[in-house]
Amino acid sequence: MKPFTYARANDRADAIAQAADATYIAGGTNLLDLMKLEVMAPDKLVDINRLDLSEIGVTDDGGLRIGALVTNSDCAAADRVRRDYPMLSRAILAGASGQLRNKATTGGNLCQRTRCYYFYDTAMPCNKREPGSGCQALHGFNRIHAILGASDACIATYPGDMAVAMTALDAQIEIEGADGETRLVPIEEFHLLPGDHPEKDNILTAGDLITAVILPPPVEGQQIYRKVRDRASYAFALCSVAAIVKMDGETISSAALAFGGLAHKPWRDPDVEALLVGEKPSTDLFGRVADQLLAEAKGYGSNDFKIPLTRRVLISVLKEATDQGASA
Amino acid sequence: METTELSVNGQIHKLEADSRVTLLDALRNHLGLTGTKKGCDHGQCGACTVIVEGRRINSCLTLACMHDGDEITTIEGLGEPGNLSALQSAFVAHDGFQCGYCTPGQICSATAMLEEAKAGWPSFVSDDLDGPDALSDEEISERMSGNLCRCAAYPNIVDAIRQVAGRQVAGAKS
Ligand SMILES: Cc1cc2nc3c(=O)[nH]c(=O)nc-3n(C[C@H](O)[C@H](O)[C@H](O)COP(=O)(O)OP(=O)(O)OC[C@H]3O[C@@H](n4cnc5c(N)ncnc54)[C@H](O)[C@@H]3O)c2cc1C
Ligand code: SF4
Ligand code: FES
Ligand code: FES
């Protein structure tokens, strides 16, 4: 690890003032991993763990405000989350291990970086780590890489689970900027596609502090989080689907679908959801929905299998979500 | 250099160390508590699991200086020869190890895991998010998935944990 100076922030203003030339550390489970390998080498760390951001509260309209320092364990076990946003509990519990979830924070989880092998290996070219050096994954091992929204500069995926459920739930990210102003950003606009600048994972700029994630009031419908991975636990998603589907009698009245493991951000496609609304569930319909989702999908060799895999996982999730016999 | 006060197994230690020192290296190299093991040093194996402020964490992925004032329990604090904890005895009785390298992490992890289960926390395999009434083998395996065992003593580890869990968790939810 490269040497760095360490400072503990006492409150938000203190944190933001110190952060102009520094990197925040929360749980440290992603940042320290990358610092040990010198993939990241900040000169200064600002420890935000003592800030007052560990509460889960109810918003005026009956939604939920999850503080940025709420741990993944506490969020998954919170009564309101279990009852009203079960897919969020499920998504968090599908990630990492008990030990890691005890440390991982809501803000840090959103900002976790890709698990692309070449990003982690400083001997290899990687445009995300070292802009302009090339992308070794394009013609290398790319089993875990993107099939949607990738660019010639980078085909990495966003690896997290929590944010995929939050995307289906229309969460907003509350950010306090260097100017002291607080802004709300829809989660769909938070993570970026790689384009020509894969070094930028998300919209945060120097000093920006995530203070909370806001969930809208609970919505009706069946909530499912399905994760497919190389081993049954303690592994990242090859493909995951977060679905909220509401039935009105025999027809689907609304659908929200978000996908993990497929792109540089949790993937959501309004055209896919629109195909479902007002329709009766059928295998034929679900096939057309999968066609729409994967119309632009592209494999890079070792990850070609993700295209048929995603198709099957989506169809299976939609069957379960529209099964009138199933309980909510 | 950072000055940090750590309360380890009930004893206060003043640590003077570089900011880069992880909690794991502080315990082993600075305080001489070598029960806690280093496997991967990257959060992938669980050998370094200790209990901080009542919760199990990977001590390799946290800095010692981030824990000023925290209460830390390591395997040495759970019990010692002649005075073993229930889980330590159960691991001996069920042969829950071969080389023993992962064992301190397994036992610290299981100790805190049983508290999580008693508090009603669900897991990825729980049918119901209210949490399970009792810990099935599937629940134990899922909740312990952050602890790898290179010797694959898994069946005996599950046996040892089930024996202690049966006594503790069943009573808690009824
Ligand atoms: C072995 C292993 C397996 C894993 N498996 C999974 C998995 O299956 N699914 C999954 O989703 N995740 C998984 N993870 C990732 C884990 O969830 C993340 O490491 C964790 O959520 C990061 O949170 P943290 O608080 O530790 O972040 P940190 O490491 O502290 O920070 C990460 C980044 O976020 C920034 N940051 C943190 N808080 C804020 C804030 N409030 N405002 C602005 N910036 C901030 C930091 O500056 C840093 O750049 C795994 C990790 C490991 C090591
Ligand atoms: S896919 Fe992205 S992160 Fe991986 S090597 Fe290419 S540029 Fe780097
Ligand atoms: S040494 Fe910490 S998890 Fe492997
Ligand atoms: S007993 Fe050898 S690693 Fe578990």
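Determine whether A:Asn72 is of a type outside the set (Val, Ile, Thr) and surrounded by 24 or more Cβ atoms within 10 Å (Cβ to Cβ).
Values: of a type outside the set (Val, Ile, Thr): yes; surrounded by 24 or more Cβ atoms within 10 Å (Cβ to Cβ): yes.
The answer is yes for A:Asn72.
Within segment B:20-76, can you find the residues that are free of Cβ contacts under 8 Å to residues at least 40 places away in the same chain, among the hydrophobic types (A, V, I, L, M, F, W, C) and more than 16 Å from ligand 1 (Cβ to nearest atom)?
B:Ala26, B:Leu31
Against the definition (open to solvent by less than 50 Å² (accessible area, probe 1.4 Å), more than 16 Å from ligand 1 (Cβ to nearest atom), out of contact with any Cys (no Cβ under 6 Å at 6 or more places or on another chain) and of a type in the set (A, V, I, L, M, F, W, C)), how does B:Ala153 come out, yes or no?
Numbers: open to solvent by less than 50 Å² (accessible area, probe 1.4 Å): yes; more than 16 Å from ligand 1 (Cβ to nearest atom): yes; out of contact with any Cys (no Cβ under 6 Å at 6 or more places or on another chain): yes; of a type in the set (A, V, I, L, M, F, W, C): yes.
Here the answer is yes, as B:Ala153 does meet what is asked.
Can you confirm whether A:Asp121 is surrounded by fewer than 24 Cβ atoms within 10 Å (Cβ to Cβ) and either closer than 16 Å to A:Ser54 by Cβ or within 16 Å of ligand 4 (Cβ to nearest atom) (or both)? Full working, then the answer.
Details: surrounded by fewer than 24 Cβ atoms within 10 Å (Cβ to Cβ): yes; either closer than 16 Å to A:Ser54 by Cβ or within 16 Å of ligand 4 (Cβ to nearest atom) (or both): no.
Spelling it out, it is not the case that A:Asp121 is surrounded by fewer than 24 Cβ atoms within 10 Å (Cβ to Cβ) and either closer than 16 Å to A:Ser54 by Cβ or within 16 Å of ligand 4 (Cβ to nearest atom) (or both).
When residues of segment A:286-308 are filtered for being in a helix (DSSP H, G or I) and acidic (Asp, Glu), how many remain?
1
Where in segment A:167-221 are there strands (runs of 3 or more DSSP E), lying fully within it, with 3 or more residues that are of a type in the set (A, V, I, L, M, F, W, C), closer than 24 Å to A:Gly261 by Cα and touching a Gly at 6+ places or on another chain (Cβ under 9 Å)?
Details: elements: A:172-176, A:182-186, A:209-215.
Correct list: A:209-215.
What's the number of the only condition in (1) part of a helix (DSSP H, G or I); (2) away from ligand 2 (no atom under 16 Å from the Cβ); (3) at the interface with another protein chain (Cβ under 10 Å from one of its Cβ atoms) that A:Gly107 fails to meet?
(3)
Regarding B:Ala86, is this residue among the small types (Gly, Ala, Ser), under 15 Å from the mean Cα position of the chain (by Cα) and farther than 30 Å from A:Leu31 by Cβ? Quick ask: steps written out before the conclusion?
Details: among the small types (Gly, Ala, Ser): yes; under 15 Å from the mean Cα position of the chain (by Cα): yes; farther than 30 Å from A:Leu31 by Cβ: yes.
Spelling it out, B:Ala86 is indeed among the small types (Gly, Ala, Ser), under 15 Å from the mean Cα position of the chain (by Cα) and farther than 30 Å from A:Leu31 by Cβ.
Name the single residue that is farthest from the other protein chains (Cβ to nearest Cβ) among those in segment B:1-45 being of a type in the set (D, E, K, R) and in a loop (DSSP other than H, G, I, E, B). First the steps, then the outcome.
Taking segment B:1-45 and keeping what is of a type in the set (D, E, K, R), we get B:2, B:5, B:14, B:16, B:18, B:20, B:25, B:28, B:37-38, B:41.
From what is left, the residues that are in a loop (DSSP other than H, G, I, E, B) are B:18, B:20, B:37-38, B:41.
Details: B:Asp18: 7, B:Arg20: 5, B:Lys37: 14, B:Lys38: 12, B:Asp41: 7 Å.
Restricting to residues being of a type in the set (D, E, K, R) and in a loop (DSSP other than H, G, I, E, B), the top hit is B:Lys37.
Among the listed residues A:Ala104, A:Ala137, A:Ala153, A:Ala94, identify the single one that is within 16 Å of ligand 1 (Cβ to nearest atom) and more than 23 Å from A:Val185 (Cα to Cα). Quick ask: steps written out before the conclusion?
Working: A:Ala104 fails: more than 23 Å from A:Val185 (Cα to Cα); A:Ala137 fails: within 16 Å of ligand 1 (Cβ to nearest atom); A:Ala153 fails: within 16 Å of ligand 1 (Cβ to nearest atom).
None of the others qualify; the one that does is A:Ala94.
Being within 17 Å of the chain's Cα centre (by Cα) and of a type outside the set (Asp, Glu) narrows it down to one of B:Ala93, B:Ala165, so name that one.
Values: B:Ala93 fails: within 17 Å of the chain's Cα centre (by Cα).
Of B:Ala93, B:Ala165, the one residue that is within 17 Å of the chain's Cα centre (by Cα) and of a type outside the set (Asp, Glu) is B:Ala165.
Working only within segment A:283-328, note down all residues that are of a type in the set (Asp, Glu) and over 30 Å from B:Leu129 (Cβ atoms).
At the first step, the residues of segment A:283-328 found to be of a type in the set (Asp, Glu) are A:284, A:291, A:296, A:304, A:320, A:323.
Selection gives A:Asp284, A:Asp291, A:Glu296, A:Asp304.
Would you please list the contacts, defined by Cβ atoms under 9 Å and residues six or more apart or on different chains, that run from a residue in segment A:243-258 that is free of Cβ contacts under 8 Å to residues at least 40 places away in the same chain and under 14 Å from A:Ser282 (Cα atoms) to a residue that is β-branched (Val, Ile, Thr) and open to solvent by 50 Å² or more (accessible area, probe 1.4 Å)?
Here the result reads A:Thr251/A:Val277, each pair linking segment A:243-258 to a residue that is β-branched (Val, Ile, Thr) and open to solvent by 50 Å² or more (accessible area, probe 1.4 Å).
Can you find, within segment A:47-64, the residue that is surrounded by the most Cβ atoms within 10 Å (Cβ to Cβ) among those that are charged (D, E, K, R) and over 30 Å from B:Cys65 (Cβ atoms)? Spell out how you get there, then give the answer.
Here is the first cut: in segment A:47-64, the ones charged (D, E, K, R) are A:47, A:50, A:52, A:55, A:60-61.
So of that shortlist, the ones also over 30 Å from B:Cys65 (Cβ atoms) come out as A:60-61.
Working: A:Asp60: 6, A:Asp61: 8.
Selected residue: A:Asp61.
Can you find a residue that is within 16 Å of the chain's Cα centre (by Cα) and not in a helix (DSSP H, G or I) anywhere in segment A:270-285? Give the derivation first.
Step one: of segment A:270-285, the residues within 16 Å of the chain's Cα centre (by Cα) are none.
Within segment A:270-285 (the criterion being within 16 Å of the chain's Cα centre (by Cα) and not in a helix (DSSP H, G or I)), the answer is no, since none of the residues qualifies.
Restricting the first residue to segment A:10-30 and requiring it to be under 19 Å from A:Thr105 (Cα atoms), which pairs with a second residue that is at pLDDT below 95 and open to solvent by less than 40 Å² (accessible area, probe 1.4 Å) meet a Cβ separation below 8 Å and a spacing of at least six or different chains?
Filtered contacts from segment A:10-30: A:Ile16/A:Gly207; A:Ala19/A:Gly207.
Between a first residue in segment B:150-162 that is within 8 Å of ligand 4 (Cβ to nearest atom) and a second residue that is open to solvent by 50 Å² or more (accessible area, probe 1.4 Å), which pairs have beta carbons less than 6 Å apart while being 6 or more apart in sequence or on different chains?
That search, which allows pairs on different chains as well, returns B:Cys151/B:Gln98; B:Cys151/B:Cys99; B:Ala153/B:Phe97; B:Ala153/B:Gln98.
Within segment B:46-61, how many residues turn out to be part of a loop (DSSP other than H, G, I, E, B) and buried (at least 24 other Cβ atoms within 10 Å of the Cβ)? Reasoning before the result, please.
Quick first cut of segment B:46-61, residues part of a loop (DSSP other than H, G, I, E, B) only: B:46-48, B:53-54.
This time we only want the ones that are buried (at least 24 other Cβ atoms within 10 Å of the Cβ), so: B:46-48.
Of the residues in that region, 3 qualify.
Looking only at segment B:85-104, decide whether some residue is at the interface with chain A (Cβ under 10 Å from one of its Cβ atoms), open to solvent by 30 Å² or more (accessible area, probe 1.4 Å) and part of a loop (DSSP other than H, G, I, E, B).
no
Which one is farthest from B:Ser109 (Cα to Cα), of the residues in segment A:94-124 that are in contact (Cβ under 8 Å) with a residue 60 or more places away in the chain and of a type in the set (A, V, I, L, M, F, W, C)?
Restricting to residues being in contact (Cβ under 8 Å) with a residue 60 or more places away in the chain and of a type in the set (A, V, I, L, M, F, W, C), the top hit is A:Phe119.
The values are calculated or read from the model by the stated rules, or taken from the named source; none is laboratory data. Owing to the predicted nature of the structure, the values given are computational and were not obtained by experimental measurement. Positions of Cβ are backbone-derived with ideal geometry, glycine not excepted, and every protein chain shown enters the neighbour counts. Ligands, DNA and RNA are excluded from the accessible area calculation, which covers all protein heavy atoms including side chains. Shrake-Rupley method; radii C 1.70, N 1.55, O 1.52, S 1.80 Å.
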